Amino acid sequence: MALIQLKDIQLAYGDLPLLDHANLIVERGERLCLVGRNGTGKSTLLKVIAGTVIPEDGQIEIGTTTISRLTQEVPKETNGTGSDTIYDVAAQGVGEMGKLIAHYHHLIKGLEECSAEESEKLLSQLSTTQNKIEAEHGWSIQQQIESTLSKMDLDPEQEFSSLSGGMKRRVMLAQALVQDPDLLLLDEPTNHLDIEAIQWLEDFLINSQTTLLFITHDRQFLRRLATRIIELDRGALTDWPGNYDTYLTQKEKALEDEERNNALFDKKLAQEEVWIRQGIKARRTRNEGRVRALKQLRTERGERRNRSGNVKMVTQQSGASGKKVIRAKNITHQYGEYPLMQNLSVSIQRSDRIGIIGPNGVGKSTLLKILLGETEPDQGSVIHGTKLEVAYFDQLRNQLNDEMTVQDCVADGSDNVTINGRDKHVISYLQDFLFSPQRARSPVSTLSGGERNRLLLARLFSTPSNVLVMDEPTNDLDVETLELLEELLMEYKGTLLLVSHDRSFLDNVVTSTLVFEERGEINEYVGGYEDWLRQRKTSTTIAKDTHNTTNNSSPKNIANTPTKKLSYSEKQELESLPKEIEKLEERQSALHKQAADPEFYSKTDKTAIITATEQLAEIESKLNRKYKRWEELEDG
């Protein structure tokens with residue numbers, strides 16, 4: 001028998017229904033992934049199943065089924081006090097009995113630490129609480145709480161408020177699991193988790209054998225967990241048996257069939273509209289059946305819900321930066337006594353696409369700020385190349401003012417934005433990012449997580465740049481928008497610095513990765529996430545082989561090799577080189593622009609053409625020498 005069955009569920013917010021005669025059957029042991037565009041009603045459907053939202057019509061059949069739900073956002077406060085422990089928060093998952101058991105747990109801890117005078121009072125409270133638990137047969141619930149926290153490797157005595165966002169999500173999952181649910185509902189469970197936490201969650205859910213209905217934008221998480229795909233599109237639920245890749249193939253064919261059928265329908269409707277407008281000739285035929293059929297065609301066309309379009313993102317390219325973008329040398333930085341990075345040296349060239357990987361809280365955002373010059377490192381130096389124009393995507397969305405309207409947030413009160421030299425009305429520009437005119441005039445505070453990310457992308461891409469810095473851009477974006485963003489970044493001509501925990505996104509976009517590994521050690525690898533895994537295993541094997549050889553010689557530790565100190569004149573030369581390079585590049589750019597003019601070769605005298613060509617060659621040679629000298633001086 002099915003765990004849960006939805007029959008003809010209807011629910012509408014506004015003009016269009018979110019759920020339009022939706023049907024769904026969930027069988028025990030399945031892991032169903034609910035996919036669909038942002039705003040289609042996926043989270044609302046989970047709320048309907050959980051019973052927190054009541055549908056307007058339809059039938060929900062649930063037997064003796066326990067349902068738990070992990071929401072998309074981690075609550076800032078729990079239902080208890082600000083000093084709640086992990087045990088307290090997990091116990092809240094079983095209601096009043098959980099609170100009673102948490103109280104019993106604290107009394108036991110109190111007895112271990114109290115004086116002899118206080119123990120008598122605590123023993124009395126303990127006896128009363130114990131009797132209440134026994135009367136309600138609650139000891140099995142206590143065992144479930146302790147077992148769940150043990151399986152999830154959580155310290156029951158740690159304060160919830162002191163945890164990172166990722167650890168808080170793990171505790172909230174424990175709160176959902178202590179009920180031993182028959183069906184677990186997960187809404188974007190990987191949001192704000194680092195790669196290690198996501199992999200732990202994947203393994204835990206697969207081994208738990210719990211029936212799942214989950215929403216996620218993480219394609220690798222989806223591919224590993226889902227046994228069936230359910231799509232919510234224009235109010236209807238469609239069942240796609242098989243894995244995610246099978247769904248993608250079948251969905252593409254279904255959309256092609258839909259487009260072809262719609263075209264045939266529209267063609268027939270147009271022909272019938274021509275016929276009815278023939279007036280007397282049409283009435284002479286007295287074909288009332290054909291007239292009724294036309295009315296039915298008009299009704300069907302009016303009720304058709306077209307699939308919402310895709311985001312149309314275009315980056316604004318400014319002039320090219322210098323060949324060297326950022327040069328960091330022997331960077332060391334600490335947070336308190338914890339080393340975030342030690343002796344990091346990295347050279348970032350124009351058109352590099354660099355991913356940054358590491359656990360939450362390890363210092364990825366700090367590294368970005370140091371590379372951008374916003375934070376001074378404790379030791380080491382950062383030198384920027386010439387003509388850098390930076391656009392920054394902030395994972396905390398601090399660039400968005402909740403009091404402003406969506407359109408003012410992008411256009412700063414203007415009616416137009418300038419995109420690649422052309423003015424475009426801000427409402428039209430925001431429609432490219434799927435904001436309706438009405439939504440464009442709404443306050444930022446009313447936006448969902450996905451809408452906020454799209455707004456930040458709209459704001460980001462309205463600014464010309466040749467260095468794009470993106471800190472966790474994938475959170476809350478639907479898969480279609482993610483794939484379009486991937487294509488855009490792969491075509492971007494400038495330099496990209498990307499912090500992300502989305503493994504597929506990293507694999508598809510970046511050309512190299514900086515990975516936080518041991519304490520403060522950051523290593524660079526060619527390729528994306530999967531390439532790092534392969535290279536990491538290879539380097540680990542080599543290290544073991546080297547350790548086991550009888551040869552006592554060891555490779556030089558480059559980071560600890562003393563570097564020659566620069567003389568005063570060499571320091572002066574190093575400081576002046578970026579400006580000299582910038583002037584040469586400006587002259588080079590002017591000559592290229594002159595040579596690109598179609599009339600240059602037809603109307604310019606031959607001697608002038610030869611002179612310009614020689615100047616270009618000379619500038620190129622000078623630039624190469626200057627860059628080489630810059631590198632020599634930086635390397636000591």
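The values are calculated or read from the model by the stated rules, or taken from the named source; none is laboratory data. These numbers were taken from a predicted model, which means no experiment stands behind them. Cβ placement follows ideal geometry from the backbone for every residue including glycine, while neighbour counts extend to all protein chains displayed. Calculation scope for accessible area: heavy atoms of the full protein, side chains included, ligands and nucleic acids excluded. Shrake-Rupley method; radii C 1.70, N 1.55, O 1.52, S 1.80 Å.
Miscellaneous remarks
- Taking a Cβ cut-off of under 13 Å around Met152, the surrounding Lys, Arg, Asp and Glu residues balance to a net charge of 0, with basic ones at +1 and acidic ones at -1.
- Positive-end extreme of charge dipole, the chain - chosen from Thr44, Ala270, Ser140 (charges on Cβ): Ala270
- Surface share of carbon and sulfur [accessible, 1.4 angstrom probe, percent] for region 219-298: 52 percent
- Highest average packing first - 469-480, 55-66, Cβ atoms within 10 Å: 469-480, 55-66
- Peptides 91-97, 611-617, ordered by how many other C-beta atoms sit within 10 Å of their residues on average, highest first, read 91-97, 611-617.
- FRET efficiency, 1/(1 + (r/R0)^6) with R0 30 Å, evaluated for Asp57 and Gln438 via beta carbons: 0.65
- Note that region 89-163 presents 59 Å² accessible area per residue, ligands and nucleic acids not counted, probe 1.4 Å.
- Between Thr511 and Asn131, the simple label model (points 7 Å from Cα in the Cβ direction) yields a spacing of 7.6 nm.
- Nonlocal amide H pairs with Phe214, under 5 Å, H built at 1.01 Å: Leu32, Cys33, Leu34, Leu186
- Net length gained if the chain between Asn401 and Asn23 were fully extended (0.36 nm per residue, minus Cα distance): 132.1 nm
- Computed over region 141-226, the alpha-carbon pair-distance distribution with 10 angstrom bins reads 15, 53, 28, 3, each value a whole percent.
- Entries of Lys168/Lys251; Lys99/Lys151; Lys493/Lys622; Lys364/Lys424; Lys364/Lys628; Lys7/Lys42 with Cα pairs more than 28 Å apart: Lys168/Lys251; Lys364/Lys424; Lys364/Lys628
- Packing, as the average of other Cβ atoms within 10 Å across residues, places the peptides 103-112, 413-422, 173-182, 2-11 in the order 173-182, 2-11, 103-112, 413-422, highest first.
- Applying 1/(1 + (r/R0)^6) with r as the Cβ-Cβ distance of Gln588 and Glu258 and R0 = 51 angstrom yields a FRET efficiency of 0.45.
- Gyration tensor (alpha-carbon) shape descriptor, region 94-142, a/c threshold 1.5: prolate
- Within the same chain, aspartates and glutamates fewer than 8 places from Lys583 are excluded, and of the rest, those with a Cα less than 16 Å from its Cα are Glu573, Glu575, Glu618, Glu620.
- Test item: Cα-centred dipole of region 130-226, Lys/Arg +1 and Asp/Glu -1 on Cβ, debye: 300 debye
- Cα shape, region 372-432, gyration tensor, a/c 1.5 rule: oblate
- Rounded FRET efficiency, nearest 0.05, which uses the C-beta distance separating Ser428 from Trp200 and R0 of 41 Å: 0.35
- Loop-located GluC sites (Glu not before Pro) in region 145-174 whose Cβ has at most 16 other Cβ within 10 Å (DSSP): Glu157
- P(r) weight above 18 Å for region 399-493, C-alpha pairs, percent: 44 percent
- Stretch gain in nm, segment Ser448-Thr65, where the contour uses 0.36 nm per residue and the Cα spacing is subtracted: 134.8 nm
- Pairwise Cα distances in the chain exceed 38 Å in 51 percent of cases.
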